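First comes the structure, then the notes that go with it.
The values are calculated or read from the model by the stated rules, or taken from the named source; none is laboratory data. Owing to the predicted nature of the structure, the values given are computational and were not obtained by experimental measurement. Note that we place each Cβ from the backbone using ideal geometry, even for glycine, and neighbour counts take in every protein chain shown.
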Amino acid sequence: MKKIIVDDMLLTKDLPTTAGSKMLEGYMSLFEAEAISRLNGAGYTISGKAEVGEFAIDLICETNYKGAFVKKGKLASPVAEMLEGDAEAAVCMDVNGSVRRAAAQNSLVSIKPTYGTVSRFGTVPVACSGETVSVMAKSADNCEAVLSIIAGHDDKDGTSLSDEDCAKAKEVSPMRRIAVLGNMLKDTDLAVARKIEIFRENLAAKGIEVCEINSDVIAASSAAWNVLMCAELCNNVSRYDGVKYGYRAENFSGIDELYTNSRTEAFGELLKCAILFGSDTLSTENYMKVYDKSLRVRRVVSEAFNALFEQYDAVMMPACSSFDYSEDIEDTAVFEENYYTAPASITGLPAVVIDGVQLVGKAFSEGSLLAFAKEYEKEAK
Amino acid sequence: MKYETVIGLEVHVELATKSKIFCSCSAHSFGAEPNSHVCPACCGMPGMLPVVNKRVVDYGMKAGMMLNCHINRTTTFDKKSYYYPDLPAAYQTTQWFAPVAVNGTVEIETSGGKKSVRIKQIHMEEDAGKLVHDIREDTTHVDFNRTSVPLIEIVSQPDLSGAEEVEAYLERLKTLLRYAKVAECEMAHGTMRCDVNLSVRPEGSNVLGVRTEMKNMNSIEAIKRAIEYEVSRHIDAIENGTEVLVQETRRWDDIKGKSYAMRTKETAGDYRYFPDPNVMPIVIDDEWFDSIKATLPELPEVKKARYTGEYGLSDYDADQLTKSIAVCECFEDAYSVCGNAKDAANWMISEVMSLLNVKKMTYDMLDLNGITLGELIVLVSGGKVGRANAKKILAAIFDDPSIVPEEYAKANGFIVSNDTGLIATVVKETVAADPKSVADFKGGKEKALMALFGKCMKQLKGNCDPQVLRKILIDHINGL
């Protein structure tokens, strides 16, 4: 039996699913994620569920209700930790880039596939318009093996693409020219900058042309993504009220206090910030000014990427500003740190993280991204 | 001073699809056990995703076409956020930005003449659940059977001027949607619900007065009462300053005959609409559009004209038949078999409709195969089955649609006999047993013959051509 890890955003039938929130402590789902069903069908067993930050919008895992996951004074990723065992790969929800940050910081490989190629059925909904079931592993080979099992059309997900489209994501074409997003090289720490430098040298050695470009449009992704993500999150978590399932406050008088106390006690601070911000962006007063504008930014970011893909096979950028987050980093830093991950989240484009660096490809190019990663790994050895 | 009333309606209609709008649960739970038609999707549990029931879009489109609307060829679903215990996901999936149908008209006729009521839009959405309040226990129970049952909301422009026009408009909507077979439209079942937006202004003024919205009327009569009450409340406020009118939502209490403020504009929630990222925009191509267009029914007035013109039926008969599409279809099928419109209409109106009344069924509930009825009519008109026996056969068909009239008639001894020997024997016996009637008839009492005729017919179990019996009977008496 091959072993697989899933993160706690994927619903499981025989294990609780908490989404990292006290609100769902001990929650047993009546059904499981489509990705898990497909893996079971292919002979995989779940060897463990990895903890996530609350609703997976955090840096890597610092705002879980059980407290931050810290190792040697640094924030650590529970998934990356578990991958040190004998599991082939981990299947995780990439809501706000935490999967890619964890992969970059732990010298792991991750693939976020094109939006719509892997069913989101049975995943705890947060930012439905951009979140994607992703794979993290020690090698690109393992990522590819697991992705090929979970990808494909699913009738239970209305945004799931046709099998024909999903098949396109398996095609492989070579990387000849790669653009480096100059905007994103300015604020990283030295270790990340050095990683990018080495990566560029390796590409050049392989005969791949690397050009530095700037795109203020792509760099604006984070601001717009924060709006879309928080708005959808606010809407999606409104269902948790302490009545039908999940956490219920012990002390309350009357139904309104039951709601208020349950939510006050069970939701974490970062989540509360996101809820308030998201709710505000959707108000009648702000909808056009903020939310609708963010939808328009999403469109122009996609257009900017598509224009780049006329000339380049992928766009390279860091996945994080630093490979070490100290344990006292502010929770809300994630709204700035997703500067690096938001471009692929907001557009639904595929992104591979290898050797601490992120490559974003055009739609359905995950086959090519993974083929490149495999070759890169081989040469690194 | 004279006043005029300006009314716009928001009508919610439950679509008659088999399953709910985003899951495969049955949409028909009227009278069912609470929470017996539910699944994780319509209970709003995390992880389920909406998959649009195509039939809902078919019906939404069809309703739009019936109301002369423009159909948006790209139509989208949006999330409307509000928190209420009967809404398990804390949002309703509805259509805000690109509803399926816009800019239509509905023609109505009242004592004031004909009028065209403009339709602003028709949008598709999911229904919410129900709260059941138990006064004895002071508890409230939640029933999710109705969550995600598909609805359309039909929003009219403020073109209506009073209770009579509102009634005509609602009746017309019912007829059109029932003819299109997209909805039951039964206010008593909650499959049609109506909110009334009303304001009053001095006659001739072009400035609208303060508008109030009334909810919770569950019959057309209640709506009419509510409108009358609200109009007089508004006029009283304007003329006598009894109160200051504010834009608000009010709840009608039909027992007390009064409306009560629920919430004002200031305290109304912000629904925070946004496009539902889990439902892709629905693109209606020409093929889909045309396939729905092809299923549109003939309108009642067009049918009526055809029935009185082409079929030569009376106005009364045509009116009766066109009250329900189910009756029309049964009638037309029966006519196609028997070839006599008047005969078919008589059977529908005097027999089929009275059977429905006896069974306390509405005309729309008629589930009789018109072809079968036509076969039965042929048996009667061809003299094979007597009318009284044919009625018995019809009643049997109502209970068992698989019955073939001729076979049933044979099996039950309902076939008219031409055995004149048998008839003569029966006549002889009957006449011999009733010398008084014979004497009365011979003494000039025509009615006495009818008594003898009836007794013979009873003996023959109705299986006899009345003309033949009459002749043999008279001949026999005259020959005595």
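Here are the numbers for the structure shown:
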| quantity | calculated |
| --- | --- |
| All positions within segment B:234-274 that are at pLDDT 90 or above, among the basic types (Lys, Arg) and outside any loop (DSSP other than H, G, I, E, B) | B:ARG250, B:ARG251, B:LYS258 |
| Residues that are out of contact with any Ser or Thr (no Cβ under 8 Å at 6 or more places or on another chain) and in a helix (DSSP H, G or I), drawn from segment A:151-181 | A:ASP163, A:GLU164, A:ALA167, A:LYS168 |
| In segment B:50-74, the residues that are among the β-branched types (Val, Ile, Thr), in contact with a strand residue (DSSP E or B) (Cβ under 8 Å, 6 or more places away or on another chain) and within 14 Å of another protein chain (Cβ to nearest Cβ) | B:VAL52, B:VAL56, B:VAL57 |
| Residue list for segment B:29-49, restricted to those being more than 14 Å from chain A (Cβ to nearest Cβ) and surrounded by fewer than 22 Cβ atoms within 10 Å (Cβ to Cβ) | B:SER29, B:PHE30, B:GLY31, B:ALA32, B:GLU33, B:PRO34, B:SER36 |
| A:PHE199 vs. criteria in contact with a Gly (Cβ under 9 Å, 6 or more places away or on another chain), aromatic (Phe, Trp, Tyr) and away from chain B (no Cβ under 13 Å) | yes |
| Filter result for B:ALA63 (buried (at least 16 other Cβ atoms within 10 Å of the Cβ) and either among the charged types (D, E, K, R) or in contact with an Asp or Glu (Cβ under 8 Å, 6 or more places away or on another chain) (or both)) | no |
| Test: A:ALA249 is under 26 Å from B:TYR83 (Cβ atoms), more than 19 Å from the chain's Cα centre (by Cα) and free of Cβ contacts under 8 Å to residues at least 24 places away in the same chain | yes |
| Qualifying position, being part of a helix (DSSP H, G or I), touching a Pro at 6+ places or on another chain (Cβ under 8 Å) and within 30 Å of B:LYS79 (Cα to Cα), among A:ILE218, A:ILE196 | A:ILE218 |
| Given (1) at pLDDT 95 or above; (2) more than 10 Å from chain B (Cβ to nearest Cβ), index of the condition A:GLY242 fails | (1) |
| First in segment B:409-422 and farther than 18 Å from B:PRO466 by Cβ, second anywhere and at pLDDT 85 or above and surrounded by 12 or more Cβ atoms within 10 Å (Cβ to Cβ), Cβ under 9 Å, 6 or more apart | B:ASN412/B:ASN389; B:ASN412/B:LYS392; B:ASN412/B:ILE393; B:ASN412/B:ALA396 |
| Residue count, segment B:445-456 (criterion: free of Cβ contacts under 8 Å to residues at least 24 places away in the same chain and either under 46 Å from the mean Cα position of the chain (by Cα) or farther than 16 Å from B:ASP475 by Cα (or both)) | 6 |
| Residues of segment A:88-115 that turn out to be out of contact with any strand residue (DSSP E or B) (no Cβ under 8 Å at 6 or more places or on another chain), buried (at least 24 other Cβ atoms within 10 Å of the Cβ) and over 18 Å from A:MET317 (Cβ atoms), as a count | 1 |
| Among the residues listed as B:PRO99, B:PRO88, the single one being closer than 30 Å to A:THR12 by Cα and either modelled with pLDDT of 95 or more or not in a loop (DSSP other than H, G, I, E, B) (or both) | B:PRO88 |
| Helices (runs of 4 or more DSSP H) fully within segment B:277-354 counting 2 or more residues that are without any contact (Cβ under 8 Å) to a residue 12 or more places away in the chain | B:286-293, B:300-309, B:315-321 |
| Strands (runs of 3 or more DSSP E) completely within segment A:308-369 that count 1 or more residues being among the β-branched types (Val, Ile, Thr) and surrounded by fewer than 24 Cβ atoms within 10 Å (Cβ to Cβ) | A:357-361 |
| Some residue of segment B:112-127 being in the same structural domain as B:ASN278 (by TED's automatic domain parsing) and in a loop (DSSP other than H, G, I, E, B) | yes |
| Condition met for A:ASP256 (over 27 Å from the mean Cα position of the chain (by Cα), within 11 Å of chain B (Cβ to nearest Cβ) and either in a helix (DSSP H, G or I) or within 26 Å of A:ALA344 (Cβ to Cβ) (or both)) | yes |
| Extreme residue, farthest from A:MET229 (Cα to Cα), among residues of segment A:274-288 that are more than 10 Å from every other protein chain (Cβ to nearest Cβ) and surrounded by fewer than 17 Cβ atoms within 10 Å (Cβ to Cβ) | A:MET288 |
| Matching residues in segment B:297-332 - criterion: being hydroxyl-bearing (Ser, Thr, Tyr) and within 13 Å of B:ALA345 (Cα to Cα) | B:TYR307, B:THR308, B:TYR311, B:SER314, B:TYR316, B:THR322 |
| The listed residue being closer than 22 Å to B:GLN467 by Cβ, exposed (fewer than 13 other Cβ atoms within 10 Å of the Cβ) and not assigned by TED's automatic domain parsing to the domain that holds B:THR322, out of B:GLY382, B:GLY454 | B:GLY454 |
| Residues within segment A:147-170 that are closer than 18 Å to A:GLY348 by Cα and in contact with a helix residue (DSSP H, G or I) (Cβ under 6 Å, 6 or more places away or on another chain), tallied | 7 |
| Any chance B:VAL182 is farther than 25 Å from B:THR212 by Cα, under 18 Å from the mean Cα position of the chain (by Cα), assigned by TED's automatic domain parsing to the domain that holds B:LYS79 and surrounded by 23 or more Cβ atoms within 10 Å (Cβ to Cβ) | yes |
| Pairs where the first residue, in segment A:156-176, is away from every other protein chain (no Cβ under 13 Å) and the second is among the β-branched types (Val, Ile, Thr) and part of a loop (DSSP other than H, G, I, E, B), C-beta under 6 Å, 6+ apart | A:CYS166/A:THR117; A:ALA169/A:THR114; A:ALA169/A:THR117; A:MET175/A:ILE208 |
| Pick from segment B:201-221, criterion of a type outside the set (Lys, Arg) and in contact with a Leu (Cβ under 9 Å, 6 or more places away or on another chain), ranking: nearest to B:LYS62 (Cα to Cα) | B:ILE220 |
| Residue check for B:LEU299: under 24 Å from B:LYS181 (Cβ atoms), of a type outside the set (Ser, Thr, Tyr) and surrounded by fewer than 18 Cβ atoms within 10 Å (Cβ to Cβ) | yes |
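Each row is one residue, and each column tells you yes or no for (1) over 30 Å from B:ALA163 (Cβ atoms); (2) free of Cβ contacts under 8 Å to residues at least 24 places away in the same chain; (3) within 14 Å of chain A (Cβ to nearest Cβ); (4) buried (at least 21 other Cβ atoms within 10 Å of the Cβ).
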residue: B:TYR82; (1), (2), (3), (4): yes, no, yes, no
residue: B:PHE97; (1), (2), (3), (4): yes, no, yes, no
residue: B:ILE108; (1), (2), (3), (4): no, no, no, yes
residue: B:ASP138; (1), (2), (3), (4): yes, yes, yes, no
